[in-house]
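Asker: Following this message is one structure expressed as structure tokens.
The values are calculated or read from the model by the stated rules, or taken from the named source; none is laboratory data. A quick note: this is a predicted structure, and the numbers were derived from the prediction, not measured. Methodologically, a virtual Cβ is constructed for each residue, glycine included, from the backbone with ideal geometry; neighbour enumeration extends over all protein chains shown.
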Amino acid sequence: MTDTLSTPTDTFGKWTIGEGIADTKAPGGPIDAKWTKRKFEAALVNPANRRKLSVIIVGTGLAGGAAAATLGEAGYHVKSFCFQDTPRRAHSIAAQGGINAAKNYKEDGDSVFRLFYDTVKGGDYRARETNVYRLAEVSANIIDQCVAQGVPFAREYGGLLDNRSFGGVQVSRTFYARGQTGQQLLIGAYQALERQVAAGTVEQFVRHEMLELIISGGRARGIIARDLVTGEIETHIADAVVLASGGYGNVFFLSTNAMGSNVTATWRAHRKGAYFGNPCYTQIHPTCIPVSGDHQSKLTLMSESLRNDGRIWVPKRREDCDKDPRQIAEEDRDYYLERIYPSFGNLVPRDIASRQAKNVCDEGRGVGPMVGDFRRGVYLDFADAIARMGKAAVEAKYGNLFDMYARITGENPYEVPMRIYPAVHYTMGGLWVDYDLQSSIPGLFVTGEANFSDHGANRLGASALMQGLADGYFVLPNTIRDYLAKGPFDKLDVDAADVAAARAEVQERTERLLSIQGERSVDSFHKELGNIMWEYCGMERTEEGLLKAIDLIRGLREEFWRNVRVLGSADTLNQSLEKAGRVADFLELGELMCIDALHRRESCGGHFRAESQTEDGEALRHDDQFAYVAAWEFTPEAADGIPGGGMGTPVLHKEDLTYEFIELKQRSYK
Amino acid sequence: MNLTLKIWRQNGPRDKGSLVTYQVEDISPDMSFLEMLDVLNERLNAKGEEPVAFDSDCREGICGMCGLMISGEAHGPEKTTTCQLHMRSFRDGETITIEPWRAEAFPIIRDLVVDRSAFDRIIQAGGFISANTGSAPDAHAAPVPKPNADRAFVAAECIGCGACVAACPNASGMLFMSAKVTHLGELPQGQPERMARVVSMVATHDAEGFGGCTNLGECSKACPKGIPQDVISTLNHDLRMALQSGH
């Protein structure tokens, strides 16, 4: 074992330790009875009173769209917000593979408990048992609900639903709609939402971006949003606020996220007191199309099913890296996954496949165009598969992926090996929530990828869609009513001091961004931040690198507020201004991610600390010290030129993870 | 590559716009079309000129947010979305005209950005199955014959980008609307509302200012998802049945 970590009490002056979190509000009793108990104990709201209660929901992906539709159906007054031009664009739409559910339609031994077990284990024992069990429990209802809405899942000839196995589990529990499962589920939620818009229970605000959270009397009571078309700063008051605004992978600039995906809604709430849970847990997916040059704006994922038949290799010698791969002799190729992991070969888990690709490229043996000082790509070769199965069979199995690859790269993957490289795909961290999905601010609920709760340190394939819809359709609507039953809360005037202050902060920030008129574009800052994050807080993290990254980010943030150039005005559609606000928040989040990664002196799931690995190079956990959720509290600090103040030393609150029903083990891939 | 771009610039909904010519140099054929515009915008920003506004989000061809008329063709010369179009589809030295979707029902917001909320209102008029959360029977309660499930899927692939409207000489939203009517009408769950749905959606479509359909087929040809033209026959069939039965 390699364990060269520094002493666990050293905080480098980067954080302080606060009180632990003792209670997550989960009811007692056997694990399979907790959710039923919670639903029964949650207070009810009389149907006649529901329309007097209002809920703001930010984001219209699976978690937000499903929640808005469901609360609208129940009769609450819902205001739904998205920054896109229609709710149907939310990035849930891009999910390809499928959605897990413990239906056991294949009679292959699946069960709620097995899905629960696989998810906790897959998360490398860093997820909360009670929440994950509930996720598995409601998974079957999701499929029923989606089919009733008309989601066209794949079917067999008998007319029943088809399943496939996915993500290395041993049962077939994944429901899918070709490679467009996310699209079909999202359209289902969108249609349910539009039905409520027509019914008058949901007010829809498109091209609106939440820029501040309103807190009054200790409760979340609304948001300040900018109408992205007119530039108007609007005030929206409600009895509760739900954030379903997705993940923050775009802190890396290049990721598989959509261009607009951002952290602003959750970061603004964090600045107002909501704890941020496990920000350093990031999933990096191994089979993406590599960067082709400095112009690259985003990365595209290809299904990892390609690894079932493709062989991954790089040249043994650096000088061969710019040769035509077909001219490189067999003995000059390094099939490094097959060499290092003879039993799993090309099918090692995502985190290992990603990290080894980085290692061979760092050695100077990557392929494809130079990006900075290195070539960032490895070959995924189907020549053997074509020889073995025939071209037609390969085409039948992977044709759509090959077409996508050809369209983006201009190369024919039937003739030349594909090039792949890992890319940031999903963030397991997010705002801390209790069993009710309520954050540390009363009245502020967080669902889907925006919260931290269910995937621990690593998410399994086909589980993101499951969690988004579980939260949106079944969990939140049952828990938020317990909170709403205490309302309606006192009427809050738009000119009340708390509200006016939040609005003034947004206005000041907007004016400040437009008045700097510096030398550098928003994108140039975003790219530089992305490079720092990828280099030091990406697939492999070290104490030295993280400390350096924190300094670099602080310097960059200081320069941003002095030297960014945002043209145009505040009272029109201004896409540079939108991006500037988002990048300003990423510049703070990035620092917190590095601090979280620095403090977690262990490797687990997607968080790999080079100092903590087994002899085989696998993640070495330290359950005795780190079996907890790191929930970070924001501390403001006076800073010139940054509206609302700068970022002070964050406070760490630990929520200990106790495993009553599952035994902790070291993950093994042998 | 070096290119001449003629881009529609319009400051706001009520401004009179015009085509403005830009020269862009050193463009890589591996760039996507939108990355080429990103490069142009960075250069404009450096010169102190406001960047060109255009919509895009996922940039992997599925969200439907991007959409430009490129030298007169919706989404350009390839059968794909604008975000998946790459510069290798163009010649060095080429002049490319870039305009927003042109349709009365899609008013221009700024430059290349249009307002497609009329599509949301068509869906609100009936493009759904009424199934409240929690009320669903088991997913296997109603088997769906595979041919129907497959046709529903093909229609459900619509991404709501609006290329069909932009390509249609009448600026009709018929393909978009018919895709939804076909998706839901092929499924047993969609039957109870089938007649009311088509009547309501067609009425909203017409009220939003979309043109009538004359079966030219430009829509299906421009569709990046290849929604087949025969969904329009399905809509016409359903509409006739509905009107005959007094809906």
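Asker: Looking only at the stretch A:436-478, count every residue that is at pLDDT below 95 and of a type in the set (Val, Ile, Thr) and tell me the total.
Answerer: Residues flagged as at pLDDT below 95 and of a type in the set (Val, Ile, Thr) within the stretch A:436-478 amount to 0.
Asker: In addition: Check the stretch A:212-223 and report whether any residue there is facing chain B (nearest Cβ under 10 Å) and outside any strand (DSSP E or B).
Answerer: Checked against the condition, which is being facing chain B (nearest Cβ under 10 Å) and outside any strand (DSSP E or B), the stretch A:212-223 yields no hits at all.
Asker: Just give me the residues in the stretch A:168-201 being more than 10 Å from chain B (Cβ to nearest Cβ) and over 21 Å from A:His91 (Cα atoms), in sequence order.
Answerer: Selection gives A:Gly168, A:Val169, A:Gln170, A:Val171, A:Ser172, A:Arg173, A:Gly200, A:Thr201.
Asker: Restricting attention to the stretch B:4-42, which residues are more than 8 Å from chain A (Cβ to nearest Cβ), under 25 Å from A:Thr409 (Cα atoms) and charged (D, E, K, R)?
Answerer: If the condition is that a residue be more than 8 Å from chain A (Cβ to nearest Cβ), under 25 Å from A:Thr409 (Cα atoms) and charged (D, E, K, R), then B:Glu25, B:Asp26 are the ones that fit.
Asker: Same structure, new question: Based on what the data block shows, is A:Glu203 modelled with pLDDT under 95 and more than 26 Å from the chain's Cα centre (by Cα)? Before the answer, list the steps.
Answerer: Numbers: modelled with pLDDT under 95: no; more than 26 Å from the chain's Cα centre (by Cα): yes.
Spelling it out, it is not the case that A:Glu203 is modelled with pLDDT under 95 and more than 26 Å from the chain's Cα centre (by Cα).
Asker: Taking the options A:Ile57, A:Ile21, A:Ile17, name whichever one is within 24 Å of the chain's Cα centre (by Cα), modelled with pLDDT of 95 or more and surrounded by fewer than 20 Cβ atoms within 10 Å (Cβ to Cβ).
Answerer: A:Ile21
Asker: Of all the residues that make up the stretch A:79-113, how many are part of a loop (DSSP other than H, G, I, E, B) and within 19 Å of the chain's Cα centre (by Cα)? Spell out the reasoning first.
Answerer: If we filter the stretch A:79-113 for residues that are part of a loop (DSSP other than H, G, I, E, B), which is where we start, we get A:82-86, A:90, A:95-98, A:101-111.
Filter once more, keeping what is within 19 Å of the chain's Cα centre (by Cα): A:82-84, A:90, A:95-98.
Counting residues in the stretch A:79-113 that are part of a loop (DSSP other than H, G, I, E, B) and within 19 Å of the chain's Cα centre (by Cα) gives 8.
Asker: Considering only residues of the stretch A:612-627 that are not aliphatic (A, V, I, L, M) and not in a loop (DSSP other than H, G, I, E, B), which is surrounded by the most Cβ atoms within 10 Å (Cβ to Cβ)?
Answerer: Our first condition is that a residue be not aliphatic (A, V, I, L, M); within the stretch A:612-627, this holds for A:612-618, A:621-626.
Add one more test, that the residue is not in a loop (DSSP other than H, G, I, E, B), and what stays is A:612-613, A:623-626.
Details: A:Ser612: 23, A:Gln613: 19, A:Asp623: 16, A:Asp624: 7, A:Gln625: 12, A:Phe626: 21.
Filtering the stretch A:612-627 for residues that are not aliphatic (A, V, I, L, M) and not in a loop (DSSP other than H, G, I, E, B), the one surrounded by the most Cβ atoms within 10 Å (Cβ to Cβ) comes out as A:Ser612.
Asker: Could you please let me know if B:Arg88 is within 7 Å of chain A (Cβ to nearest Cβ), in contact (Cβ under 8 Å) with a residue 40 or more places away in the chain and assigned to a helix (DSSP H, G or I)?
Answerer: Details: within 7 Å of chain A (Cβ to nearest Cβ): yes; in contact (Cβ under 8 Å) with a residue 40 or more places away in the chain: yes; assigned to a helix (DSSP H, G or I): yes.
Judged against the criteria, B:Arg88 is a match.
Asker: Could you check the stretch A:496-552 and list, in sequence order, the residues that are touching a residue at least 24 places away in the same chain (Cβ under 8 Å) and hydroxyl-bearing (Ser, Thr, Tyr)? Break it down into steps so the answer makes sense when it comes.
Answerer: Start the filter on the stretch A:496-552 by keeping residues that are touching a residue at least 24 places away in the same chain (Cβ under 8 Å), which leaves A:496, A:498-499, A:502-503, A:505-514, A:516-523, A:525-534, A:536-543, A:546-547, A:549-550.
Matches in the stretch A:496-552: A:Thr510, A:Ser521, A:Tyr536, A:Thr542.
Asker: Condition first: part of a helix (DSSP H, G or I) and among the acidic types (Asp, Glu). Now tell me which residues in the stretch A:291-329 satisfy that. Walk me through how you get there before you give the answer.
Answerer: Residues of the stretch A:291-329 that are part of a helix (DSSP H, G or I), as a first pass: A:304-308, A:318-320, A:325-327.
Listed by number, the residues that qualify are A:Glu304, A:Glu319, A:Asp320.
Asker: While we're here: What about B:Glu78, is it within 7 Å of chain A (Cβ to nearest Cβ), free of Cβ contacts under 8 Å to residues at least 24 places away in the same chain and surrounded by fewer than 22 Cβ atoms within 10 Å (Cβ to Cβ)?
Answerer: Details: within 7 Å of chain A (Cβ to nearest Cβ): no; free of Cβ contacts under 8 Å to residues at least 24 places away in the same chain: yes; surrounded by fewer than 22 Cβ atoms within 10 Å (Cβ to Cβ): yes.
No: the conditions fail for B:Glu78.
Asker: Quick check: is even one residue across the stretch A:539-548 more than 14 Å from chain B (Cβ to nearest Cβ) and at pLDDT below 95? Quick ask: steps written out before the conclusion?
Answerer: Narrowing the stretch A:539-548 to residues more than 14 Å from chain B (Cβ to nearest Cβ): A:539-548.
Adding the requirement that they be at pLDDT below 95 leaves A:539-540.
Yes, some residue in the stretch A:539-548 is more than 14 Å from chain B (Cβ to nearest Cβ) and at pLDDT below 95.
Asker: Give the residue that is farthest from A:Pro325 (Cα to Cα), with candidates limited to residues of the stretch A:335-371 that are in contact (Cβ under 8 Å) with a residue 40 or more places away in the chain and among the small types (Gly, Ala, Ser).
Answerer: A:Ser343
Asker: Follow-up question, since we're still on this one. Select from the stretch A:215-234 the residues that are crowded, with 24+ Cβ neighbours inside 10 Å and either touching a His at 6+ places or on another chain (Cβ under 8 Å) or acidic (Asp, Glu) (or both) and list them in ascending order.
Answerer: Correct list: A:Gly222, A:Ile223, A:Ala225, A:Arg226.
Asker: Restricting to the stretch A:124-154, name every residue that is β-branched (Val, Ile, Thr) and either away from chain B (no Cβ under 14 Å) or touching a helix residue (DSSP H, G or I) at 6+ places or on another chain (Cβ under 6 Å) (or both).
Answerer: Those that are β-branched (Val, Ile, Thr) and either away from chain B (no Cβ under 14 Å) or touching a helix residue (DSSP H, G or I) at 6+ places or on another chain (Cβ under 6 Å) (or both): A:Thr130, A:Val132, A:Val138, A:Ile142, A:Val151.
Asker: Let me ask another. From A:Glu528, A:Glu559, grab the single residue that is surrounded by fewer than 23 Cβ atoms within 10 Å (Cβ to Cβ), charged (D, E, K, R), under 19 Å from A:Asp640 (Cβ atoms) and at pLDDT 95 or above.
Answerer: Values: A:Glu528 fails: under 19 Å from A:Asp640 (Cβ atoms).
Exactly one residue qualifies, and that residue is A:Glu559.
Asker: Before we move on, is A:Arg173 in contact with a strand residue (DSSP E or B) (Cβ under 7 Å, 6 or more places away or on another chain) and surrounded by fewer than 24 Cβ atoms within 10 Å (Cβ to Cβ)?
Answerer: Values: in contact with a strand residue (DSSP E or B) (Cβ under 7 Å, 6 or more places away or on another chain): yes; surrounded by fewer than 24 Cβ atoms within 10 Å (Cβ to Cβ): no.
Judged against the criteria, A:Arg173 is not a match.
Asker: Using beta carbons and a limit of 6 Å, which pairs, at least six apart or on different chains, have the first residue in the stretch B:139-154 and more than 7 Å from chain A (Cβ to nearest Cβ) and the second one surrounded by 14 or more Cβ atoms within 10 Å (Cβ to Cβ) and in a loop (DSSP other than H, G, I, E, B)?
Answerer: B:Asn148/B:Glu186; B:Arg151/B:Glu186
Asker: I'm trying to understand the selection: among the residues of the stretch B:43-75, which are within 13 Å of the chain's Cα centre (by Cα), in a loop (DSSP other than H, G, I, E, B) and either of a type in the set (Phe, Trp, Tyr) or more than 10 Å from every other protein chain (Cβ to nearest Cβ) (or both)?
Answerer: B:Gly67, B:Leu68, B:His75
Asker: Could you say which residue among A:Asp523, A:Asp551 is surrounded by fewer than 16 Cβ atoms within 10 Å (Cβ to Cβ) and either modelled with pLDDT of 95 or more or assigned to a helix (DSSP H, G or I) (or both)? Break it down into steps so the answer makes sense when it comes.
Answerer: Working: A:Asp523 fails: surrounded by fewer than 16 Cβ atoms within 10 Å (Cβ to Cβ).
After ruling out the rest, the residue left standing is A:Asp551.
Residues are listed down the side, and each one gets a yes or a no for (1) within 14 Å of chain B (Cβ to nearest Cβ); (2) in contact (Cβ under 8 Å) with a residue 60 or more places away in the chain; (3) touching a Phe, Trp or Tyr at 6+ places or on another chain (Cβ under 6 Å); (4) farther than 21 Å from A:Asp482 by Cβ:
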{"position": "A:Gly61", "(1), (2), (3), (4)": "yes, yes, no, yes"}
{"position": "A:Ala66", "(1), (2), (3), (4)": "yes, yes, yes, no"}
{"position": "A:His77", "(1), (2), (3), (4)": "no, yes, no, no"}
{"position": "A:Ser80", "(1), (2), (3), (4)": "yes, yes, no, yes"}
{"position": "A:Asp85", "(1), (2), (3), (4)": "yes, yes, no, yes"}
{"position": "A:Ala95", "(1), (2), (3), (4)": "yes, yes, no, yes"}
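Asker: Take the conditions within 10 Å of another protein chain (Cβ to nearest Cβ) and on the phi > 0 side of the Ramachandran plot and apply them to B:Gly246. Does it pass?
Answerer: Numbers: within 10 Å of another protein chain (Cβ to nearest Cβ): no; on the phi > 0 side of the Ramachandran plot: yes.
Criteria not met by B:Gly246.
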